[in-house]
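See below for the structure under consideration.
The values are calculated or read from the model by the stated rules, or taken from the named source; none is laboratory data. Note that the coordinates shown come from a computational prediction; the quantities given were computed from them, not determined experimentally. Cβ: placed from backbone, ideal geometry, glycine included. Neighbour counts: every protein chain shown.
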Amino acid sequence: MKLRRWQANCVDQAFGKFQREDSHFLCLATPGAGKTAMAATLANQLLTHNMIDLVLCFSPSIIVSSDFQVALETHTGKRMDGSLGARGCSLTYQSMLRLNQAFWELFNSHHILVIFDEIHHCAGDSIDNANAWGQTIIRSIQGRATYTLALTGTPWRSDRIPIALASYCQDDKIHCDYIYGLAQAIKENVCRAPSITLIDNDRIQVKRGNKIDKYSSFAELLSKARCSYQQLIDNDELILYLLKQSAKKLTQVRKVQPNAGGLIVAASVDHAHKIAGLLERHLGQRAVIATYLEDDAHRIIDTFRNDNQAWIISVGMISEGTNIPRLRVCCHLTRVKTELHFRQVLGRILRVGNDAPGDSYLYLPAEPNLIEYARRVAEEIPESAKIKRETMSENDVEVTLPVSIANFPDVIDETEISFGNFPALTGISDNEAPQPLAISILAQSYDTTINMFGRFRQELLQLSHLYAR
């Protein structure tokens, strides 16, 4: 398999460092760039030169672990299933905690390369500040492995605890042995350029009893009203608008790439099933659902990876490292608002496979933190970043939407939220213009009512057009 230029350069640098008897190498490469193939190639070189006896790999999920095993076996020609006669194994970080002392004794008798995929999951530079995975690394691997290779696309932690095995500069920036950024990956056609669309609304009403408060944006609603972000992303009207825009774009992409897929990241299992129902009922499109409650979630994801199905809805399953290159559109409806998670979700649609060229598309609510993360992505590729704000015209056709009544445990005063009862939304046509939202208050019997009378406006961060394809 021919390596991309960055992969070959990274392998050469890591191999050279290991030959100089330096034992650790940290590679930062943008999500979707191909870190797995690079790591497997490096492992093969070390085996070929008899510098190691075994390869151990740890990663965040079963799917990523399985993909790593396949890559290692493909590049080395050796079995990596952990059975007798194998030259290594690929495990999850969770399973690391269940390994017995006999396993760790391998480090006393063998030269071992340990690969840590998405190393930022492992925290701590001492036992005192380490999480469980970091403690295992400190106790059982650090200083005992012949070589360690750490991989990440997002080299920081939300809790600001140091990443395991990492070294830091005086300005608290992590020291990386090799960096391959998003701008370079897009320029070299290794990753797709992202277009990020932020959806907002300019006339929102919150009714509590007889009192009605008005807000001109989601940011104002979240900062001034007793409204949580969970309530916002559970709003049928917002969900349907995001689904409509995402589905319209996916339909366009599938005309060029028939197997292109869309990912919807939901906040909970109930939320995922609700979204699936809205998608089918109002847009006539079905989605498969993969959550931690499904016994066969990994089989569902593997089937979707090689299928022609348009949509998959995930709750914590299709995360960092999951390789589904045909994903081109993502609808971000999760409650998680960290930059780490934002980057990893975006990375799911940046991968370039053997499919048609083109950009990737992320749709999400204009929540202040998410806006800031999107702007930082734009700043990384300033040559191609274009930001514009779009407000729909007054003569757009009115959209009316169905009822959704739900209790939200995280509402401060434990009140109910309800939305009006309206006819179903019709299908999508190729030339259909963006549509506004108009809702009447039909739920006087509930304590709290959130209504969006205003037009949804979109802020588009277009991050692609100046790169030659």
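For the reader, a short list of remarks on this structure follows.
- From the options Lys214, Lys249, residue that is of a type in the set (Lys, Arg), out of contact with any Gly (no Cβ under 7 Å at 6 or more places or on another chain) and within 20 Å of Phe342 (Cβ to Cβ): Lys249
- Among the residues of region 305-362, the one identified as closer than 25 Å to Gly284 by Cα, modelled with pLDDT under 85 and of a type in the set (Val, Ile, Thr) is Ile318.
- Of the residues in region 286-297, at least one is on the phi < 0 side of the Ramachandran plot, part of a loop (DSSP other than H, G, I, E, B), free of Cβ contacts under 8 Å to residues at least 12 places away in the same chain and surrounded by 16 or more Cβ atoms within 10 Å (Cβ to Cβ).
- Condition check for Lys248: surrounded by 15 or more Cβ atoms within 10 Å (Cβ to Cβ) and either in contact with a helix residue (DSSP H, G or I) (Cβ under 9 Å, 6 or more places away or on another chain) or assigned by TED's automatic domain parsing to the domain that holds Thr303 (or both): yes
- Selection within region 200-243 - in contact (Cβ under 8 Å) with a residue 24 or more places away in the chain, among the aliphatic types (A, V, I, L, M) and surrounded by fewer than 18 Cβ atoms within 10 Å (Cβ to Cβ): Ala219
- Residues located in region 115-147, provided they are touching a Ser or Thr at 6+ places or on another chain (Cβ under 9 Å), of a type in the set (Val, Ile, Thr) and either closer than 23 Å to Leu340 by Cα or surrounded by fewer than 19 Cβ atoms within 10 Å (Cβ to Cβ) (or both): Ile115, Ile119, Ile137, Ile138, Thr146
- If only residues of region 333-354 that are out of contact with any helix residue (DSSP H, G or I) (no Cβ under 6 Å at 6 or more places or on another chain) and more than 14 Å from Gly32 (Cα to Cα) are counted, the one that is surrounded by the most Cβ atoms within 10 Å (Cβ to Cβ) is Thr334.
- Annotation note: of Ala43, Ala14, the sole residue that is farther than 21 Å from Pro155 by Cα and buried (at least 22 other Cβ atoms within 10 Å of the Cβ) is Ala43.
- Taking region 180-233 as the range and being acidic (Asp, Glu) and either closer than 30 Å to Ile324 by Cβ or not assigned by TED's automatic domain parsing to the domain that holds Arg375 (or both) as the test, the residues that pass are Glu188, Asp200.
- Of the residues screened, Gln69 is not one that is over 19 Å from Gln142 (Cβ atoms) and modelled with pLDDT under 95.
- Top-ranked residue in region 3-21 [being touching a helix residue (DSSP H, G or I) at 6+ places or on another chain (Cβ under 9 Å) and outside any helix (DSSP H, G or I); ranked as nearest to Thr76 (Cα to Cα)]: Leu3
- A Cβ distance below 8 Å, combined with a sequence gap of six or more or placement on separate chains, defines the contacts here; from region 41-69, residues that are acidic (Asp, Glu) reach residues that are modelled with pLDDT of 95 or more and outside any helix (DSSP H, G or I) in the pairs Asp53/Arg87; Asp53/His110; Asp53/His111; Asp53/Ile112.
- For region 338-370, a tally of residues being part of a strand (DSSP E or B) and among the aliphatic types (A, V, I, L, M) returns 2.
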